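The values are calculated or read from the model by the stated rules, or taken from the named source; none is laboratory data. Values in this document were obtained by computation on a predicted structure and should not be read as measured data. All Cβ positions, glycine included, derive from the backbone under ideal geometry; neighbour counts span all protein chains shown. Keep in mind that these areas ignore ligands, DNA and RNA; they rest on the heavy atoms of the full protein, side chains included. Shrake-Rupley method; radii C 1.70, N 1.55, O 1.52, S 1.80 Å.
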Amino acid sequence: FNKLYLLCLLPFAAAANVVDVGAYKDATVVYNTDDCDGTPCAFINHGSDTTLTASVQSASVQRILLAFALPSGINLATAKCQLQMQRPVQAPSGKYTLVVSEALGDWDEEEVNGSDKIDTGNQVGSVSA
């Protein structure tokens, strides 16, 4: 990927400050029962892939994990954050919705795969295109 940024508008006293934070780790996680050269595709790590993929097909789900290191002292209860992504390289035909949820556990970019069961928490946003 080229750029994934989280912009947070932080209320400090009377003035608002904007913090621009780039993702420090990312991965595509595949959930399916397909076989990839003798290994279940869901067990393959895609943390070092150069392209992130999100998809919901009938037999395959692909999720994107992103991690941001926010500066200390940010109160997420009062901060307003905006995820900025470049246009999809290959957008689905027709309408689709991208949903953003918090991950409820930490993960290792070089090891995470579909068998890790990274649970999701609250939905923090969505966009339809």
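Please give me, ordered by residue number, the trypsin sites (Lys or Arg not before Pro) of segment 58-109 that lie in loop per DSSP and have at most 10 other Cβ atoms within 10 Å.
Those satisfying the criteria are 95.
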Along the Cα→Cβ direction, 7 angstrom out, place labels at residue 120 and residue 79. What is the inter-label distance in nm? 2.1
Those aspartates and glutamates that a straight Cα-Cα span of less than 15 Å connects to residue 80, excepting residues fewer than 8 apart in one chain: 20, 102
Whose amide H sits under 5 Å from the amide H of residue 25, counting only residues 5 or more places off or on another chain, with H placed in the peptide plane? 67
If amide H atoms are built 1.01 Å from N in the plane of the peptide, which residues on other chains or at least 5 residues away come under 5 Å of the amide H of residue 81? 9
So, with a 1.4 angstrom probe, what is the percent of accessible area on the chain that is carbon and sulfur? 50
Sequence-distant or interchain residues sharing an amide H contact under 5 Å with residue 96, placed H: which? 129
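If you count, for each residue, the other Cβ atoms within 10 Å and average over each peptide, how do 111-121, 29-39, 84-94 line up from highest to lowest? It would help to have the intermediate numbers written out before the result.
Details: 111-121: 14.4, 29-39: 12.5, 84-94: 9.5.
Most protected by this proxy first, the peptides run 111-121, 29-39, 84-94.
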